[in-house]
Protein chains: 2
Amino acid sequence: MDAVRVALVNDYEVVARGVAEMLRTYRNRIHVVELDLNKQVGEHVDIALYDTFAATRGDRSEVRDLVSNPLVGVVVVYSWTLEPVHIESAMSNGAGGYISKGLPAAGLVSALETIRAGGKQLHLEQEDAQTVIVGDWPGREEGLSEREAEILALITQGLSNAEIAERTYLSINSIKTYIRNCYRRIGADSRTNALLWGIEHGFRPDRVRI
Amino acid sequence: MDAVRVALVNDYEVVARGVAEMLRTYRNRIHVVELDLNKQVGEHVDIALYDTFAATRGDRSEVRDLVSNPLVGVVVVYSWTLEPVHIESAMSNGAGGYISKGLPAAGLVSALETIRAGGKQLHLEQEDAQTVIVGDWPGREEGLSEREAEILALITQGLSNAEIAERTYLSINSIKTYIRNCYRRIGADSRTNALLWGIEHGFRPDRVRI
DNA sequence: GCAAGGTTCACCCTTTGGGGTGAACCGCTC
DNA sequence: GAGCGGTTCACCCCAAAGGGTGAACCTTGC
């Protein structure tokens, strides 16, 4: 059982250094191979720890690039956000794990080990953590149905009712119905308030084009 | 000219460690006295480096608490966001400096030294940096007038035209005019798109209640 | 002094959003 | 099989948003 070889992927010196330092104490279990800003991974690593930088970055394309890199074993996303949308999108882009930045150093280390061993992929909270089901969608706990959440997500991207109808292949009347129900459930009384609610509840995709 | 005594203030282990590690190389110039998560500053320090954690935190109250702490010389905000609103609000809350997290380690070190010496308070870009005037408002560089920016800020908080009119003591027609001009300038064609633009350009206050 | 640009407002009009109701269909559960 | 809840849609109606125009007033700068 040798140390997990990890490459850190992040644009910013502070973040990359922080992670490296956090792992330094555990250098017998975790070996930080590369600590590069933008640069390519040079030698084989078990895990590429992809730092999403407070959810403003973390694009699919970058994760995909890493996944397709033959030198990288598993791509693990390391993020502040625990929103199901982000987790789901990361996983569907080929990530082999998702770790919360809220974890203390020890948690990060054991999470990395577990993931390399092929165990649990999601490491979101301290230890116990009420297991997060991947089949979840944002807003579920607020009583939003899947469709309603979908519509709200599209609102959160700035689409009009007509555009939403077009994209979902639904009639504009159905869209209106969903929006009405949505508002009732989240307690919004306008599109803008719904949008803000959506943003605060993780409905925003990684990169929104306006 | 002895080392600058710095206390790091941040909730998260990764971030605090990252900064500490970044400064470790410069330990002859910067001495990290405390690296505490939430805890109080125990001994006197020149600078409390307050980490706003990607602008999701960074409330006035926390900065004020630090400012009022007799053991703290100057409170310096260390943040990713370079948006004038945030900078202004930080400074008006008593911060004695504002440093961008985009700076490399060396930049951070010299910024801290400059601030302790009573020099330039804002350290936002690499070196040169077109000096950011504190009298600025968000969206200025996009051609928004002060009024337009104000209206946009209120939109970004989810207010309706009527509510904006009420709050600004302007007629609803004027509000509409400003909004129209606003949309033209930022290239939005709907309220929701304007809202998203606003959020991406720092128009959102620290904590928005919906 | 006048052009430029910001501020303020009014009046017009069209489109969009949002609320209410009713109704059909589906699958699930008790 | 009756009921519940989600999905889908239609029709109506009203309020809000948005776009155009014109116009008054005020600075500031050439």
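The values are calculated or read from the model by the stated rules, or taken from the named source; none is laboratory data. These numbers were taken from a predicted model, which means no experiment stands behind them. Glycine also receives a Cβ, built like all others from the backbone with ideal geometry; neighbour counts cover every protein chain displayed. For accessibility, only protein heavy atoms count, side chains too; no ligands or nucleic acids. Shrake-Rupley method; radii C 1.70, N 1.55, O 1.52, S 1.80 Å.
Worth pointing out:
- Solvent-accessible area per residue for the stretch B:140-200 (1.4 angstrom probe, square angstrom): 49
- What separates the B:Leu71 label point from its copies, with the point 7 Å along Cα to Cβ, is 4.6 nm, written shortest first.
- Sites B:Arg167 and A:Asn181, calculated FRET efficiency, Cβ-Cβ separation with R0 25 Å, nearest 0.05: 0.25
- Modelled FRET efficiency - R0 45 Å, A:Arg29 with B:Arg29, Cβ distances, 0.05 increments: 0.85
- Using a 7 Å projection from Cα along Cα-to-Cβ, the label point at A:Leu170 is separated from the same position in the remaining copies by 3.6 nm, smallest value first.
- In nm, spacing of pseudo-spin labels at B:Asn69 and A:Ala117 (7 Å Cα→C-beta vector): 3.9
- Treating each Cα of the stretch B:140-200 as an identical point scatterer and summing with the Debye formula, the log10 of I(q)/I(0) at q = 0.12 Å⁻¹ comes to -0.23.
- Sorted shortest first, the distances from the B:Glu146 label point to those of the same residue in the other copies are 5.3 nm; each point sits 7 Å from Cα along Cα-to-Cβ.
- Complex-versus-alone comparison for the stretch A:187-201, residues with a loss of 10 Å² or more in accessible area, probe 1.4 Å: A:Arg191, A:Thr192, A:Asn193, A:Leu195, A:Leu196, A:Trp197, A:Ile199, A:Glu200
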